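Data first, discussion second: the structure below is written as structure tokens.
Laboratory data are not the source of any read-out in this text; all were calculated from the coordinates shown. This structure is a prediction, so every number in the text was calculated from the model and none was measured. Here the Cβ is made from the backbone with ideal geometry for all residues, glycine too, and neighbour counts use every protein chain on show.
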């Protein structure tokens, strides 16, 4: 994959955070990004994929390696389609009767609904069918995160061995948006369609937002992700937001990302 540079970046410290802006045409907000976030560590990283330039809030946090949690469902779905383990978005897996806390998990799911509702058991079963050898080969080809699946085939992306930074998440999402991943364009298009955020969005939101949440709980820390890309007119952006702290989940990161992207001009 390509890597992107912070072209002509100017940075200043703000409350022990790093805020970096690039060039005069960098997206602007009506208030400082610090006003969007709370006291817990937060990363906001946005790449203008046409100019190849970043806007970053809290560079140290954005450079921090974290488990991808359920954001891994995006590459996971692509790998499953590429290997033929899943036949398409309508591929159904049967619920085994295990009762989960979230009621929506307690039924059969196809791939599209498993992504939408973040159905962990669906992807755990899929991971077993893919197998460690094919999974490792796919992550190596995609250069996804640290590519470490040693934590176990059913859990390596959940507070375990696989880790990634916000910048690595963005590079994956940029490549998916452009159809440049080492996978068929048809399967990349299918995955893109499944992560379109067409629910619980502000009426005034401009553009088409694509993304995936992720949440991890561990004794050391809780953290949440929202990663994806935005089409707004002719403009194209890839982004990653993460939050670290007690009860910080993917939905919190999504809400933060939507506010920031909605106000971006």
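Which log10 I(q)/I(0) values does the range 9-263 give at q = 0.11, 0.18 Å⁻¹ under the Debye formula, counting every alpha carbon as one identical point scatterer?
The calculated log intensity ratios at q = 0.11, 0.18 Å⁻¹ are -0.56, -1.53.
Highest mean first, what order results for 146-154, 186-194 on Cβ atoms within 10 Å?
186-194, 146-154
Which order do peptides 167-173, 98-104 fall in by mean Cβ count within 10 Å, highest first?
So the peptides 167-173, 98-104, ranked by packing, come out 167-173, 98-104.
Cα-Cα pairs above 14 Å in the range 94-153: how many percent? Each step should come with its number before you reach the end.
Working: 1074 of 1770 pairs.
Counting every Cα pair in the range 94-153, those more than 14 Å apart make up 61 percent.
Please state the relative contact order of the chain as a whole percent: Cα pairs under 8 Å, 6+ residues apart?
That works out to 22 percent.
What does the highest-first list of 125-138, 62-75 look like by mean Cβ count within 10 Å?
Values: 125-138: 16.7, 62-75: 23.3.
Sorting 125-138, 62-75 by mean packing, highest first, produces 62-75, 125-138.
If you find the alpha carbon centre of the range 199-265 and of the range 74-130, how far apart are they in angstrom?
22
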